[in-house]
Number of protein chains: 2
Amino acid sequence: MIKTPYLLFLGDAPDQLAAKVAQGIKDWRPQNAVGQYRMEGCGADLGLRDMDLVEAKAAGAKTLVIGVANRGGVISKEWKKVLVAALEEGFDLASGLHNLLRDEPDLVAVAEACGCALHDVRLPDAKYPIANGVKRTGKRCLAVGTDCSVGKMYTALAMDAEMKTRGMKSSFRATGQTGILITGNGVPLDAVVADFMAGAVEWLTPDNDDDHWDHIEGQGSLFHVSYSGVTMALIHGGQPDALILCHEPTREHMRGLPGFALPSLEKLRDTALPLAQVANPECEVVGVSVNTQHLSEEEANAYLAEVEARMGLPAVDPFRQGAGRLVDALAAI
Amino acid sequence: MIKTPYLLFLGDAPDQLAAKVAQGIKDWRPQNAVGQYRMEGCGADLGLRDMDLVEAKAAGAKTLVIGVANRGGVISKEWKKVLVAALEEGFDLASGLHNLLRDEPDLVAVAEACGCALHDVRLPDAKYPIANGVKRTGKRCLAVGTDCSVGKMYTALAMDAEMKTRGMKSSFRATGQTGILITGNGVPLDAVVADFMAGAVEWLTPDNDDDHWDHIEGQGSLFHVSYSGVTMALIHGGQPDALILCHEPTREHMRGLPGFALPSLEKLRDTALPLAQVANPECEVVGVSVNTQHLSEEEANAYLAEVEARMGLPAVDPFRQGAGRLVDALAAI
């Protein structure tokens, strides 16, 4: 559990895209984002108040979150100065970088001296059980994709936000580093040891109120040969009541796998649903979420209408249209 | 890679069943089993020559393999004496115990002083890649089960042995600790980090001669919610050309999961084959392997005949009947 709220460290991000983790935190958990910390030459701006460490501390920030990708695979000397100063100021540090904070002896030493925590969200920080398959109370929704990186996290966050707006009981359950930094907790599923994957998902989505929805962040795809095992563990460990099918219609082949075609939405439905029903016989496919960022407004609307007619399910792009109709579909089951 | 041949350590095994790892080595790789080492009170006997360390060394043994389960979750003082003496005699040690050899400071120190290796086959000893899905040369066969522990390893070992007897090119590819100790190498797939599971299977079953068969040891089941992710990674990383369906007909529920019924063989076929064809569109289901140990000879024959007629596939118990008809089916594709 990462202490909130955060000061978002943008460092010397060359552009806005490099700060997308910080952007995600600001978009989805604005209450966690007290301010931004930018170094000389920073090309990103979240529109938050620029703060130094002392100001942020006074404003209540508890953790400095590295919300930017680093360059060249090292934590630079310039970053180091800020990170050390933050620890000395009493901030915890949280990072999703491949370079681990815990592999930097100076950060470890200063953190220990100051009594502050270093959170590397790429690595599990709990011991997970073997899954037992016992039915849990409460409801769970899982987004599954025709491919990786088609908008599963966005869909889950948007549905969670919509439910909260409506006063419904809802949690976003993060399974990747960006999601974990956004919410302050979760399971970095791709780094969990094979035997414990499904158990980690059970652990992440425990018994809850009957009218509470967990929106479980999806990973990979059943059709992506590199990561399908992780997806399978989400489907069985998550024992979802509802599946949302996610798709990006302009993708020419599976991400990183030239020669592998994307499955149709029908094939995804017919593959994922029977597998989900092994863990939860009541599971239903309730909607389709399409990432139409590479289509014009007109093309997007035509595509969504065609999918909706073909599949007999609400089909929306939550970025363009919000997740209201997907939440309606969940509320109806 | 564990150096062969072995001296098989049976310790103070209370009975034959406790020495089943050693039994597996002796059954499937008799050329690797130079002799057995038994302590006072040992209730197991593999029918191998009893040897002390000096005799075994003289007979060419290079590794002392712990072929017995330990009791109480600790490596006892009595075992320790033998293990230390073996290292001093120049043996490597290999173990599939939950208690790791590398966690015993005395063994580590002696091994280092003697220049000997400690092999804990429960843990990966290589850095595996992310799977890339590229089609590999050679043929691969994977056994998939309606449940865990229905005879997938036995089936693969029996098919490998039958092919070798016929002079065909064949390898057994171990994915669990018993299999790794039997063959001296492999991947302990349940201990691999999620992102690298499918890549580890690709690594284990590389390009080979066009007429060479890899018999990949199966793990878990697509229908076992605790371990299905591991099975999925085997199906996609292994890119099998042939699937063998494995079943144990007297099982009342999924292993360790009361309330979860086993799927039918038809359901296993219809689930596993389309998933396998994502990685290898040419994949076929070629046969059924049934573990009939809890049936009489007559019941077993009746059951196998019924399955064979129903499924239109050769259905055999390789323990009772050998794997000849399964190999015939592979040779025909």
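Just the protein heavy atoms count here, and of the accessible area of the protein assembly as shown at 1.4 Å, carbon and sulfur take up 52 percent.
Across identical copies of the chain, A:Glu299 has label-point separations of 6.3 nm, listed in ascending order, with the point defined 7 angstrom from Cα along Cα→Cβ. Among the residues of segment B:186-204, which ones have their accessible area go down by 10 Å² or more when all the protein chains sit together, as opposed to their chain alone (1.4 Å probe)? Buried by 10 Å² or more upon assembly, which counts only protein chains, are B:Asp190, B:Ala191, B:Val192, B:Val193, B:Ala194, B:Asp195, B:Met197, B:Ala198. A point 7 Å from Cα along Cα→Cβ stands in for A:Met39, and the other copies hold the same point at 5.7 nm, listed in rising order. Between A and B, buried accessible area from a 1.4 angstrom probe totals roughly 2500 Å², ignoring ligands, DNA and RNA.
For A:Arg166, the distances from its label point to the matching points in the remaining copies are 6.0 nm, ordered from shortest, with each point set 7 Å beyond Cα toward Cβ. Summary of packing: across the peptides B:309-315, B:220-226, the per-residue average of other C-beta atoms within 10 Å ranks them, highest first, as B:220-226, B:309-315. Taking the charge dipole of chain A about its Cα centre, with +1 at Lys and Arg Cβ atoms and -1 at Asp and Glu Cβ atoms, the residue from A:Gln23, A:His294, A:Val316 reaching farthest to the positive side is A:Gln23.
Each 5 Å bin from zero up to the one holding the largest Cα-Cα distance in segment A:181-333 carries the following percent of pairs: 2, 8, 16, 20, 21, 18, 10, 4, 1, 0. So what's the angle, to the nearest 10 degrees on a 0 to 90 scale, between helix B:105-114 and the longest Cα principal axis of chain B? Helix B:105-114 sits at roughly 80 degrees to that axis.
Please compute, over every Cα-Cα pair in segment B:246-333, the percentage with a separation greater than 15 angstrom. Result: 64 percent of Cα pairs exceed 15 Å. Taking amide H positions as modeled 1.01 Å from N, with prolines and chain starts lacking one, the residues under 5 Å from A:Ser170 and 5 or more places away or on another chain are A:Trp213.
Express the accessible area of segment A:1-158 per residue in Å², computed with a 1.4 Å probe while the remaining protein chains stay in the model.
Numbers: 6970 Å² over 158 residues.
Heavy-atom accessible area per residue stands at 44 Å².
Taking the Kirkwood radius as Rh and the Cα radius of gyration as Rg, segment B:1-152 has a ratio of Rg/Rh equal to 1.02.
Per residue and in Å³, how big is the convex hull formed by the alpha-carbon atoms of segment B:162-271?
Working: hull volume 14.4 nm³, N = 110.
Spelled out: Cα convex hull of segment B:162-271, divided by residues, is 131 Å³.
Test of understanding: extend the Cα→C-beta vector of B:Ile130 to 7 Å, then name every residue of segment A:227-261 with backbone N under 16 Å from that spot. Once the point is set 7 Å along Cα→Cβ of B:Ile130, A:227-231, A:253-260 turn out to lie under 16 Å by backbone N, inside segment A:227-261. Phi angles of segment A:63-76 translate, via the Karplus equation with coefficients 6.51, -1.76, 1.60 and θ = phi - 60°, into HN-Hα couplings of 10, 8, 9, 6, x, 9, 6, 8, 10, x, x, 10, 8, 5 Hz per residue; Gly and Pro are given as x. Which whole-number value in Å² is the accessible area per residue of segment A:185-231, probe 1.4 Å? Per-residue value: 24 Å².
Once the C-beta distance of A:Val74 and B:Glu298 is scaled by a Förster radius of 56 Å, the resulting FRET efficiency is 0.20 to the nearest 0.05.
Computed over the protein assembly as shown, the convex hull of the alpha-carbon atoms projects to a mean area of 32.5 nm². Evaluated at q = 0.08, 0.12, 0.14 Å⁻¹, a Debye calculation over the C-alpha positions of chain B (equal weights, vacuum) places log10 I(q)/I(0) at -0.39, -0.86, -1.13.
When chain A is described by a simple charge dipole with +1 on each Lys and Arg Cβ and -1 on each Asp and Glu Cβ, the residue from A:Gln239, A:Met39, A:Val150 located farthest towards its positive end is A:Gln239. For segment A:198-296, the set of GluC sites (Glu not before Pro) satisfying both a DSSP loop assignment and a count of at most 15 other C-beta atoms within 10 Å is given as A:Glu252, A:Glu282.
The values are calculated or read from the model by the stated rules, or taken from the named source; none is laboratory data. Since the structure is predicted, the reported quantities are computational estimates derived from the model, not experimental observations. We place every Cβ from the backbone using ideal geometry, glycine too, and count neighbours over all the protein chains shown. Quick note on the areas: whole protein, heavy atoms, side chains included, nothing else; ligands and nucleic acids left out. Shrake-Rupley method; radii C 1.70, N 1.55, O 1.52, S 1.80 Å.
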